[in-house]
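Visitor: Here it is, the structure, as structure tokens.
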Amino acid sequence: MREGLAAVLTRARRRGRRDRRARGVLALCCAASGLALLLAACGPTDGPSAAGDTPVSGGTATWAESPSSQPTWIFPFAPSAYFSVANTDDFEYLMYRPLYWFGTGTKPTLNTQLSLADPPTYHGRLVTIKLKDNYRWSNGEPVDAQDVLFWIHMEQADAALSSATKPVGWGGYIPGYFPNNVKDIKAVGTYEITMVMKSSYSTAWFTGNELSQITPMPMAWDRTSTGKSDCAAVVADCTAVYDYLYGQSTDTASYATSKIWSVVDGPWRLTSFSTSGLDTFSYNTHYSGQVPAHHISKFTEVPFISEQSEYTVLQAGGSGGLSSQKLDVGYLPTVDAPPPAAGAQLGQNPLPGYHLSALYEWGLSYYPYNFRNNTYRRFVFSQLYFRKAFQHLVDQEGVINGPLHGYGKVTTGPVGNYPVTKYLSPKLRKAGDPFALSLGAARRLLTSHGWTIPASGPATCTKPGPASNECGTGIKAGDKLTFSMIYASGIDWMESAVKELVSNASLVGIDISATAEGFDTLITQVVNCTATAAANCGWQLADWGSWTYAPDYLPTGEELFQTTSVANFGGYSNARNNQLISKTLHSSGLGTLYAWQNYLAGQLPVVWTPDAPADLLETADSLHIGPQASTLAITPEDWYFLK
Amino acid sequence: MTAYLARRVLQALVVLVVVTLIVYALLTRVPGSALGAVLGPHAASGFLPRYFSWLNQVLHGNLGFSLLHNEPVSTLLAASLPRTVALTGTAVLLALIVAIPVGMLQAVNKNKLVDHVLRALTLLCYGTPSFVLGSVLILVFAVKLKWFGGEGPQAPGFVGVITDWRDLTLPVLTLALLTIALFSRYLRSSAIDSLAQDYVRTARAKGAGERRVLRRHVLRNSLLPVVTLIGLTVPQILAGAVVVESIFNFQGMGYQLWYAAENHDFPVVLGFTLVIGVGVVAGSLLADVGYALLDPRVRYAGR
């Protein structure tokens, strides 16, 4: 259960921004609107900014946090409850760098420049990690092998860290995987560590999904409330150290002044912190990584309740208006985004003084069928013809061009289609949407398999049986195509997409009763349905958003689609799929990854849905930030103002 | 007066206990709540033992810990309560300053042009939802004219909020315009009643000037229902603050309560609801006491 929660809370994410508010309601207040228009007509108009193109050093850049999503946890060995983009990528990584950094430009690949170590080398099952010797903690100590062992030992003690009342331990830990799948971990030099894999794993997988989790921790943290400890050398010492650091991390009032948390190896130091989300950082002058000659000296994260309130601030203060809070980096709500012209990636930016860019997250957009559902529907979901018919009802292009205002990408398989990576098979890269909207195709698939579709109402199985022209095993005569669906509330475009699906389905005899629920409520229901808890498996279709490939960056499928995986939420089970996944974990070539995804894409284990942008970024013309990482990590040390 | 006060306090305490019971019962039945995680080993015990365990903690000053915010509920409360008090307090103050003269002006000029105009304006304000009013004010005064900020004050604490007049103006105005409408309409009605009373006629017959009559006899008596109304509108103002805080990106009690409810942050919902309940009951109590102080007949009737 713990690992299930960890997996869900870490990588299952809502799609898009929340709390969109209909701005058309302004028209309701006639008299006030009249006054508004009169005054607005008399008001000043925004002009373009006068930013030059010469980089300058210094300055404070303000950055808008996602709505109602602010950092609340500083200890990088984060439990599942605090394992989020806001805490990890947008906060902890600014101060405490991971051993291996993923995100090179928009590609989710290993970034050798930002990593604290050279790429690991593999000799058979022997793994060698060599840290770069130029990195230093802000207290002057080197970032070395002991700091890595400190982390690994704490993870080895992970099972002992949880208790009945505390949701603790490393949020990314999955029993059987790292560090359970290695042995003989030792430092063989000041900057060198070796370990032996217990199986011949794919080196790409081991680097991208296992070593990627490690964040070295300074020796200054290897202590308890009573004094120095030695978790870096003795695993048994780690529980007490963890308890101490966990306690320190619950004392949010001391974050900016703590002697523990002020020891950083990243480019930023925390200078003020508030759980409301208003956090300030100053550049760590002891940072030993590479930064541009000119860069900002202060960085401020500002909180927003909703994306509409954030957009208001952008509109009100973006061009040097009177607003006390000028945003340098914000985001444009999709509902306010002008659609791009044919062939263009972006529409006309409505904000003067800013430039617009679309940021797509490295992940997968989908929602599961519940193959564990405790009614006959699980037998219906098990039929490939039904899943094909259902996918033909999902109008991905229509959703992208409609509610998403032209911003989005079609999903065709278990590896994210965008950003395009070498992990995506050439076949799927060229495929387009093989299950594009087609009511005729859906109807034919159903009627050719024993379903009778009436003029109105749900289809009924009239030819039960396992033959190729019958409904399928487990489905009885008289069973109807009626389903319930839960989906995450508060996302306008997703609600529109669900309504369209319900409408399309009704035209081919599939009756869907869709209900919006809060993200946490929905995800709790999904997680509580397991192979051994049939009573909790009432849900049939559940759309919460998407899955983020982080900190497991290689989309090998063992987490989402392997039969025994805790994050295989609908309980999809396919022996051939399992075999193909196993090969991807043990073969370093891309051929096995391609073979697996090409096979699974046609099996439709889940419903593929459009990939919406994580952000439509608005960046002040006076600030250069470069392309942002699809892993959603930010590197403000590379930002600089232009004059 | 002492007996009256004691009786009122006792009633308030009973109401508070009932409020806590109802809220606790409702929240423990919310599907998917974090109750199990929060209660830990107590989860298996019955409702009443859990309720009394929680009440015992509350009476010892422990409102629980928010996993969502990674801080005690009391800390979150200490950060957000002063901000909401600053926002709503300023709005109520402004509403009173404007509503009293407006209501009196309307009463004195009953059914004349000025009364009709003011009545139409107050009706318009009263009938406009706060999210519409707030959005229009932002559109005009922040986005277009750039006279004020597009969000509420972001500085922490009571002083931080009330000293940032530029960002405070629009949220206060949004709340105040609705409250002005409410207060002025009550005051107008009450003042019209007072103007027809014998004691006003007597005062005029005794040669008192019109200004003195209005201030000493009409206004003082007409304020009685407004005093009650202030106490009774505390929950409405807080409810309005939820919307206004959301529109103006203002992290006060209303927003925190809404956010906690949406994310099933059980300790925060419970703690904040309790504090709001105390506020509402205290508001009503103060209104009753104020009324009794202003009108001795209330005390005598209560005997």
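The numbers here are math on the coordinates, done by the rules we state, and not lab data. The model shown is predicted, which means the values in this text are computed figures rather than measured ones. Neighbour counts run over all protein chains shown; Cβ positions are idealised from the backbone, glycine included.
Visitor: Given a Förster radius of 30 Å and the C-beta distance between B:THR228 and A:THR271 as r, what FRET efficiency does 1/(1 + (r/R0)^6) yield to the nearest 0.05?
Guide: For R0 = 30 Å, the calculated efficiency reads 0.05.
Visitor: In Å³ and rounded to a whole number, note down the convex hull volume per residue for the Cα atoms of the stretch A:364-608.
Guide: 126 Å³
Visitor: List the trypsin sites (Lys or Arg not before Pro) within the stretch A:158-266 that DSSP assigns to loop and that have no more than 14 neighbouring Cβ atoms inside 10 Å.
Guide: Those satisfying the criteria are A:LYS198, A:LYS259.
Visitor: To the nearest 0.05, what FRET efficiency results for A:LYS499 and A:LYS198 with a Förster distance of 60 Å applied to their C-beta separation?
Guide: 0.75
Visitor: Take the eigenvalues of the Cα gyration tensor for the stretch A:97-243, scale each by 5, and report the square roots as semi-axes in whole Å, largest first.
Guide: In descending order, the three semi-axes are 24, 19, 15 Å.
Visitor: To continue, here is another question. When the dipole is taken about the Cα centre of chain B, and only Lys, Arg (+1) and Asp, Glu (-1) are charged at their Cβ, what size is it in debye, to the nearest 20?
Guide: That gives a dipole near 1520 debye.
Visitor: Based on Cα coordinates alone, diagonalise the gyration tensor for chain A, multiply each eigenvalue by 5, take square roots, and list the semi-axes in whole Å, largest first.
Guide: Output for chain A: semi-axes of 41, 35, 21 Å.
Visitor: For the stretch B:203-265, which trypsin sites (Lys or Arg not before Pro) are both in a DSSP coil and crowded by at most 13 other Cβ atoms within 10 Å?
Guide: B:LYS206
Visitor: Loop only per DSSP, at most 16 neighbouring Cβ atoms within 10 Å: give me the trypsin sites (Lys or Arg not before Pro) in the stretch A:471-507, ordered by residue number.
Guide: A:LYS476
Visitor: Which residues among the stretch A:407-447 fall inside the zone where the amide N is under 18 Å from a point 7 Å beyond the Cα of A:SER468, along Cα→Cβ?
Guide: Zone members listed by number: A:444-447.
Visitor: Another question, then. Based only on Cα atoms, what Rg/Rh ratio does chain B have, Rh being taken as Kirkwood's radius?
Guide: Using only Cα positions, Rg/Rh for chain B is 1.04.
Visitor: Would you work out which of A:HIS294, A:ILE634, A:GLY591 lies farthest towards the positive end of the dipole of chain A? Charges go on Cβ: Lys and Arg +1, Asp and Glu -1.
Guide: A:GLY591
Visitor: What average count of beta carbons from other chains do you get within 10 Å of the Cβ of residues in A:306-316?
Guide: Counting other chains' Cβ atoms within 10 Å and averaging over A:306-316 gives 6.
Visitor: Can you give the average number of partner chain beta-carbon atoms within 10 Å of each beta-carbon in peptide B:69-80, as a whole number?
Guide: Mean shielding count: 3.
Visitor: In chain B, with Lys and Arg counted as +1 and Asp and Glu as -1 at Cβ, which of these residues, B:LEU168, B:GLY103, B:PHE52, has the Cα nearest the positive end of the dipole, that is, farthest along it?
Guide: So the residue we want is B:GLY103.
Visitor: How far apart, in nm, are the 7 Å Cα→Cβ label points at B:VAL159 and A:SER57?
Guide: That separation, rounded to one decimal, is 3.7 nm.
Visitor: Considering every residue in A:269-279, what mean count of other chain Cβ atoms within 10 Å of its Cβ is obtained?
Guide: Mean partner shielding for this stretch: 3.
Visitor: Could you calculate the FRET efficiency of A:LYS430 with A:TYR599 from 1/(1 + (r/R0)^6), where r is the beta carbon distance between them and R0 is 25 Å, rounded to 0.05?
Guide: Given R0 = 25 Å and the Cβ-Cβ separation, E is 0.90.
Visitor: Picking from A:THR447, A:GLY406, A:PRO55, whose Cα lies most toward the positive end of the charge dipole for chain A (charges on Cβ: Lys, Arg +1; Asp, Glu -1)?
Guide: Positive-end residue among those listed: A:THR447.
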